[in-house]
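Trainee: This structure is in structure tokens; I'll ask about it shortly.
The values are calculated or read from the model by the stated rules, or taken from the named source; none is laboratory data. The shown structure was predicted, so the numbers you read here are calculated from the model rather than taken from an experiment. Methodologically, a virtual Cβ is constructed for each residue, glycine included, from the backbone with ideal geometry; neighbour enumeration extends over all protein chains shown. Accessible surface is based on the protein model in full, side chains and every heavy atom, while ligands, DNA and RNA are left aside. Shrake-Rupley method; radii C 1.70, N 1.55, O 1.52, S 1.80 Å.
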Amino acid sequence: MGHHTRRLVVAALAAGALGFALAGPADAQNFTKPVTIIVPYAPGGTSDILARLIGPKLSEGIGQPVIVENKPSASGNIGADFVAKAAGDGHTLLITDVGTLATQPSLVKKLSFDVQKDLVPVTMVMFSPYLFAVHPSVPASSWAELLAYAKANPGKLNIANSGVGSIQHLTAIVVQKKRGIDWTHVPYRGGAAAIRAVVANESNVIMNGALPTTPFVKQGQLKGLAVSGEKRLAQLPDLPTFKEIDMPIVETGSWQGFLASKGTPPPMVARLNAELRKVLAIQEISAKIVELGGDVRTNTPDEFTAWMTKAIAEWGEVAKAENISLD
Amino acid sequence: MDLIGNLATGFSVALTPANLGFCFLGALIGTLVGVLPGIAPITTIAMLLPFTFTLPPASSLIMLAGIFYGAQYGGSTTAILVNVPGESSAIVTCLDGHQMARKGRAGPALAIAAIASFAAGTIATLIIATASAPMAWLALKFTAPEYFSLMVLGLTGAVVLAHGAPGKAVAMVVVGLMLGLVGIDVNTGAPRMTFGIAELGDGIGFVPIAIGMFGIAELAVTLGRPQDRTLLDVKLGSLWPSREEFRASVPAMLRGTALGSILGVLPGGGAALSSFAAYAFEKKSSKTPERFGHGAIEGVAAPEAANNAGAQTSFIPLLTLGIPGNAIMALMVGAMMIQGVQPGPQVMTSQPELFWGVIASMWTGNLMLIVLNLPLIGLWVSLLRVPYRLMFPAIVLFCCIGTYSVGNSAFDVGVMLLFALLGVFFIKVGAEPAPFILGFILGPLMEENFRRAMMLSRGDPMVFLERPISAGLLILSAVLFAVLVSPALRSGREKVFQE
């Protein structure tokens, strides 16, 4: 080993020691390597589009590359499990939706991870309401008329949902119990198949994501009755909200959020929260999210945790009362 | 809507240099994967999906569509020259196409296959353009009982069209049906036969099974038959078909196109089913059915026209309704959504450039394919001369990458390899994988629609007979089945598949 080399080694060691000394508390909120966003669904879904939309801007903010990786299968549980078991350093993030975060914990008893214990909520990203519609042959143009029709014609209504245990299904159950409407729940493989079935008049009532359902209502292939939440849709301003028609469950819909692995230090979670909110405040990004059928909805890690706890408890109660289980 | 104006919009999109380039790239890749047995267009499209993120929506769909119909062209080349179908839709092309090659008529067989594909592609493009709206309306007439009856017909057809003993075909359909039941039951949410493996919750993936059984297994068996390779030295001869050959093929092409166009629109239909049906129909309606299997040119023209027409019209439910009819179309939905295009009826009106651009590109793509195929046939053939010891490991690698890339899942690769072994076993015991895969795809749909129909009719099974389309399909299945068990036909059927 030559003199020159030895000096380099010493310098490197010294630099390393210095780096180590400095690393301590500051490191908890700095990004030291590429960040991976895990999407637990196949490419093309809302969570996937959000991740690819947000990824590049997040990368600018944190000064590290951001990689989006799809780990689909098992209703999002495989991808979520991967993040739950990743190192708690804030470099592996999960973006997923209400299904993985609020209903799966109650529906699947043998989950390999605990949504509330093994994942750290960072922030919510978006909320998209549901559109409530019927086939045009159903002689009802409002919720009140539909209730009256169902009473006069028992056994005539079939409400399509995007799968057993989906929020659409659970919401329809709550409405049925609290308002006494008579309808049969018909499960389909996903929202697109459910829409097709109602357009074809196979089933005749639907509650489904506003974005994919709106075009059918605008073209008269479905008749819109109401929109979930408290805000009317800009595209269909004549439709009343669930709040206006006094539905037993108002804020039903789909939402997405970011979570980190268990053990991620609070300063890191705070930094991630701040960076993500910065990205979601960009006009170009929020405009895209409106195109996806929802509104940007951000919150603090504590608020998101509370939101999730409430959602898990609420939907869990419905699932338990109806004895719905997916295992 | 005026057709000319719409097509003009379409061509203004399809003829931009960039889109012509993507169309050519798609057609080229499609031909390549079509020629090479073991690499399916679905693997290729899945593999290329991530690369389309950065393209404009129309360009990415134009390229992916090009791969799909391009593969139908390429598949026939291998079928005729090597007696190995480059694509599953080219299986029947082997029967007469390869016999023609053996008799020194390889050139005309290839030419007719390419011309039939082009003619069908052109007609199918026009059909998609003129009939999109009414076809979409027809698809809406199909509800649960009709779908159930359609699946029954599909599975009966799978047995009737299978090679070998009908008993084996029935057994394969049943095995496929049973494996299709693995996963979470859509009506109750109960997991069935998942053995607690989370990955099996969504069922056994179609891509791993298809790649394992049709990719690796077929190749492994081909490796065990080295004599197949010598057939490559078949003389091409003149490309131009004789006048009689031409006269015999034109009506067959038209019949194949008509049949393929109809079958392509139906869910679960598409290229492979279309070519089987067209071949069976040609043989049945021929005055000289004994020529089939010994180099009848109609046996090349009809299925080749049918598989191209079917491949293209399977875009109708996708483009007009946003409903994928088969696994490849499902990947297309993914490609559209990645681009922020929500598939559905509104695409036609809200994004006419995309809708008509993709349709117009199918015609330019077909034109490119005939140029790619006929003069360059020597190039494609030389590709097949690449020794298997080089090609086989490369294909296995591509199969693994393709399987992995669909879900970024190593589990899927394991499943794929398992089905490759199973596929080899099936072929060795003389049981065909085609009825198996049809059972696997159609079975769960059949069950789902049966139970949904019963749910909607509040438990009354008469619903299947009261609805006219459903009743018609069931009667047709019953007739097919009766014909299958009648001894007279059984001997005839064996003749069809005698090679």
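Trainee: Give just the number: which of (1) open to solvent by less than 20 Å² (accessible area, probe 1.4 Å); (2) in a loop (DSSP other than H, G, I, E, B); (3) among the polar types (S, T, N, Q) does A:Asn201 not satisfy?
Mentor: Failing condition for A:Asn201: (1).
Trainee: While we're on this one: Which of the residues belonging to region A:56-75 are in a loop (DSSP other than H, G, I, E, B) and out of contact with any Phe, Trp or Tyr (no Cβ under 9 Å at 6 or more places or on another chain)?
Mentor: From region A:56-75, those in a loop (DSSP other than H, G, I, E, B) are A:63-65, A:71-73; that's our starting set.
Of everything in region A:56-75, just one residue is in a loop (DSSP other than H, G, I, E, B) and out of contact with any Phe, Trp or Tyr (no Cβ under 9 Å at 6 or more places or on another chain), namely A:Pro65.
Trainee: Within the set of pairs 6+ apart or on separate chains, which have a first residue in region A:243-264 that is on the phi > 0 side of the Ramachandran plot and surrounded by 17 or more Cβ atoms within 10 Å (Cβ to Cβ), a second that is part of a strand (DSSP E or B) and at pLDDT below 95, and C-beta atoms under 7 Å apart?
Mentor: Qualifying pairs under 7 Å: A:Gly253/A:Phe127; A:Gly253/A:Ser128; A:Gly253/A:Pro129; A:Gly253/A:Tyr130.
Trainee: Can you spot a residue in region B:179-191 that is open to solvent by less than 20 Å² (accessible area, probe 1.4 Å), within 22 Å of the chain's Cα centre (by Cα) and modelled with pLDDT of 80 or more?
Mentor: Within region B:179-191, one or more residues are open to solvent by less than 20 Å² (accessible area, probe 1.4 Å), within 22 Å of the chain's Cα centre (by Cα) and modelled with pLDDT of 80 or more.
Trainee: Within region A:49-67, is there a residue that is within 23 Å of A:Phe113 (Cα to Cα) and in contact with a helix residue (DSSP H, G or I) (Cβ under 7 Å, 6 or more places away or on another chain)? Step through it out loud before you land on a result.
Mentor: Of all residues in region A:49-67, those within 23 Å of A:Phe113 (Cα to Cα) come to A:51.
Checking which are in contact with a helix residue (DSSP H, G or I) (Cβ under 7 Å, 6 or more places away or on another chain) leaves us with none.
No, that holds for no residue.
Trainee: Residues B:Phe411, B:Phe355, B:Phe419, B:Phe426: which one is open to solvent by less than 50 Å² (accessible area, probe 1.4 Å) and within 14 Å of chain A (Cβ to nearest Cβ)? Can you show your working first?
Mentor: Details: B:Phe411 fails: open to solvent by less than 50 Å² (accessible area, probe 1.4 Å); B:Phe419 fails: within 14 Å of chain A (Cβ to nearest Cβ); B:Phe426 fails: within 14 Å of chain A (Cβ to nearest Cβ).
Only one candidate passes the filter, namely B:Phe355.
Trainee: Kindly indicate whether B:Gly459 is within 30 Å of B:Ala144 (Cα to Cα) and not in a helix (DSSP H, G or I). Reasoning before the result, please.
Mentor: Details: within 30 Å of B:Ala144 (Cα to Cα): yes; not in a helix (DSSP H, G or I): yes.
So B:Gly459 passes the test.
Trainee: From A:Ile49, A:Ile78, grab the single residue that is open to solvent by 10 Å² or more (accessible area, probe 1.4 Å), part of a helix (DSSP H, G or I), touching an Asp or Glu at 6+ places or on another chain (Cβ under 7 Å) and within 13 Å of chain B (Cβ to nearest Cβ).
Mentor: The unique qualifying residue is A:Ile78.
Trainee: How many of the residues in region B:317-362 are modelled with pLDDT of 80 or more and farther than 21 Å from B:Thr44 by Cβ?
Mentor: Qualifying residue count, region B:317-362: 7.
Trainee: Another question about this same structure. Condition first: modelled with pLDDT under 80, open to solvent by 10 Å² or more (accessible area, probe 1.4 Å) and touching a Ser or Thr at 6+ places or on another chain (Cβ under 9 Å). Can you find one or more residues in region B:113-134 that meet it?
Mentor: yes
Trainee: Would you point out the residue of region A:178-190, among those that are open to solvent by 20 Å² or more (accessible area, probe 1.4 Å) and within 20 Å of the chain's Cα centre (by Cα), that is farthest from the other protein chains (Cβ to nearest Cβ)?
Mentor: Looking only at region A:178-190, we keep the residues that are open to solvent by 20 Å² or more (accessible area, probe 1.4 Å), and these are A:178-180, A:182, A:184-185, A:189-190.
After this cut, where a residue has to be within 20 Å of the chain's Cα centre (by Cα) as well, the list is A:189-190.
On the way: A:Arg189: 6, A:Gly190: 10 Å.
Result: A:Gly190.
Trainee: Kindly provide the set of residues from region A:274-327 that are away from every other protein chain (no Cβ under 14 Å), surrounded by fewer than 18 Cβ atoms within 10 Å (Cβ to Cβ), part of a helix (DSSP H, G or I) and not charged (D, E, K, R), ordered by number.
Mentor: Selection gives A:Ala274, A:Gln283, A:Ser286, A:Thr305, A:Ala306, A:Thr309, A:Ala313, A:Gly316, A:Ala321.
Trainee: Which one is most open to solvent (accessible area, probe 1.4 Å), of the residues in region A:106-127 that are within 18 Å of A:Gly165 (Cα to Cα) and either among the charged types (D, E, K, R) or within 14 Å of chain B (Cβ to nearest Cβ) (or both)?
Mentor: A:Lys110
Trainee: When region A:85-107 is examined, which residues are found to be part of a helix (DSSP H, G or I) and of a type in the set (A, V, I, L, M, F, W, C)?
Mentor: Matches in region A:85-107: A:Val98, A:Leu101, A:Ala102, A:Leu107.
Trainee: Test of understanding: among B:Pro487, B:Pro387, B:Pro444, which residue is closer than 24 Å to B:Met178 by Cα and modelled with pLDDT under 85?
Mentor: B:Pro444
Trainee: Does A:Pro72 meet the test of being at negative phi and at pLDDT 90 or above?
Mentor: Judged against the criteria, A:Pro72 is not a match.
Trainee: So, in region A:19-40, how many residues would count as being at pLDDT 50 or above and assigned to a helix (DSSP H, G or I)?
Mentor: Qualifying residue count for the region: 3.
Trainee: Would you mind finding the one in A:Val164, A:Val138, A:Val175 that is in a loop (DSSP other than H, G, I, E, B), away from chain B (no Cβ under 14 Å) and in contact (Cβ under 8 Å) with a residue 12 or more places away in the chain?
Mentor: Checking each option against the conditions leaves just A:Val138.
Trainee: Need the failing condition index for A:Lys262 against (1) farther than 30 Å from A:Ala150 by Cα; (2) charged (D, E, K, R); (3) at the interface with another protein chain (Cβ under 9 Å from one of its Cβ atoms), just the number.
Mentor: In the conditions (1) farther than 30 Å from A:Ala150 by Cα; (2) charged (D, E, K, R); (3) at the interface with another protein chain (Cβ under 9 Å from one of its Cβ atoms), A:Lys262 misses (3) alone.
Trainee: List every residue pair whose Cβ atoms lie under 6 Å apart, where the two residues are 6 or more positions apart in sequence or sit on different chains, the first residue falls within region B:185-206 and is in contact (Cβ under 8 Å) with a residue 60 or more places away in the chain and within 13 Å of B:Gly407 (Cβ to Cβ), and the second residue, located anywhere, is charged (D, E, K, R) and open to solvent by 20 Å² or more (accessible area, probe 1.4 Å).
Mentor: B:Gly205/B:Asp412
Trainee: Considering only residues that are within 22 Å of the chain's Cα centre (by Cα) and open to solvent by 20 Å² or more (accessible area, probe 1.4 Å), which ones fall in region A:216-234? Reasoning before the result, please.
Mentor: Within region A:216-234, the subset within 22 Å of the chain's Cα centre (by Cα) is A:226-234.
If the condition is that a residue be within 22 Å of the chain's Cα centre (by Cα) and open to solvent by 20 Å² or more (accessible area, probe 1.4 Å), then A:Glu230, A:Lys231, A:Arg232, A:Leu233, A:Ala234 are the ones that fit.
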